[in-house]
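S.K.: Structure provided below as structure tokens; questions to follow.
The values are calculated or read from the model by the stated rules, or taken from the named source; none is laboratory data. Since the model is a prediction, treat every value here as computed from it, not as a measurement. FYI the Cβ positions are ideal-geometry reconstructions off the backbone, even for glycines, and counts take in every protein chain you see. For the accessible areas, the whole protein counts, side chains as well, though only heavy atoms, and no ligand, DNA or RNA atoms are used. Shrake-Rupley method; radii C 1.70, N 1.55, O 1.52, S 1.80 Å.
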Amino acid sequence: MSATILVLDGPNLNLLGERDPETYGTDTLASVQAQLAAKFGGVRFEFFQSNWEGALIDRLHQAHRAGVDGIVFNPGALTHTSVALRDAVEAITPPVVEVHLSNIYGREDFRHHSVLAPVCSGQISGFGAFGYLLAVSFLVHGSS
Ligand code: CA2
């Protein structure tokens with residue numbers, strides 16, 4: 001049976017491709033989704049973006065209840081602040097990979113700390129849209 005992967009994006013990531021290409025690249029969320037669908041033909045993807053913390057928490061709970069196989073999560077700026085999102089990730093069963101387009105460790109000090117990373121399977125940061133493909137590859141194939 002094919003794997004189901006939720007790709008979850010947090011605040012402001014709907015603006016991807018519209019501004020700040022030097023930091024976030026030129027891909028849009030739609031082009032990231034198209035790349036994932038093209039690369040992983042056998043995977044069933046669900047995509048969700050919200051600027052609201054509670055909506056992201058609800059979507060994590062829903063993915064857990066639905067039994068998805070893994071979650072790729074770019075929590076945006078909530079990465080650095082949200083204990084509520086951390087609690088949600090910790091409470092659910094599917095593995096979560098935290099993804100950042102930019103290298104958060106090469107930017108402002110306040111971006112160097114992730115509240116969520118300790119409860120995720122791992123973190124990918126700084127490879128642009130390719131990070132989403134790396135995360136799906138891990139979730140689908142593991143380290144094999
Ligand atoms: O590098 C990442 O993916 C971030 O999660 C992006 C967040 C930032 O707060 C994190 O520290 C790192 C910001 C997302 C804002 O996205 C935009 C995209 C295009 C134009 C403006 C904002």
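S.K.: Please work out which residue is least open to solvent (accessible area, probe 1.4 Å), limiting yourself to region 75-84 and to residues that are touching a helix residue (DSSP H, G or I) at 6+ places or on another chain (Cβ under 8 Å) and aliphatic (A, V, I, L, M).
M.R.: Result: L78.
S.K.: Among what's in region 85-122 and is buried (at least 20 other Cβ atoms within 10 Å of the Cβ) and under 21 Å from G25 (Cα atoms), pick the residue that is farthest from the ligand (Cβ to nearest atom).
M.R.: This residue is V97.
S.K.: Same structure again: Can you find, within region 63-74, the residue that is most open to solvent (accessible area, probe 1.4 Å) among those that are in a loop (DSSP other than H, G, I, E, B) and touching a strand residue (DSSP E or B) at 6+ places or on another chain (Cβ under 7 Å)? Let's see the steps before the verdict.
M.R.: Applying the first criterion (in a loop (DSSP other than H, G, I, E, B)) to region 63-74 yields 67-69.
Subset that is touching a strand residue (DSSP E or B) at 6+ places or on another chain (Cβ under 7 Å): 68-69.
Details: V68: 12, D69: 74 Å².
Ranking the candidates gives D69 first.
S.K.: Please enumerate the residues belonging to region 1-54 that are within 14 Å of the ligand (Cβ to nearest atom), open to solvent by 60 Å² or more (accessible area, probe 1.4 Å), of a type outside the set (D, E) and outside any strand (DSSP E or B).
M.R.: Passing the criteria: N12, N14, P21, Y24, T26, A30, N51.
S.K.: Checking the conditions here, which among L85, L60 is of a type in the set (A, V, I, L, M, F, W, C) and over 12 Å from L6 (Cβ atoms)?
M.R.: Just one listed residue meets the conditions, L85.
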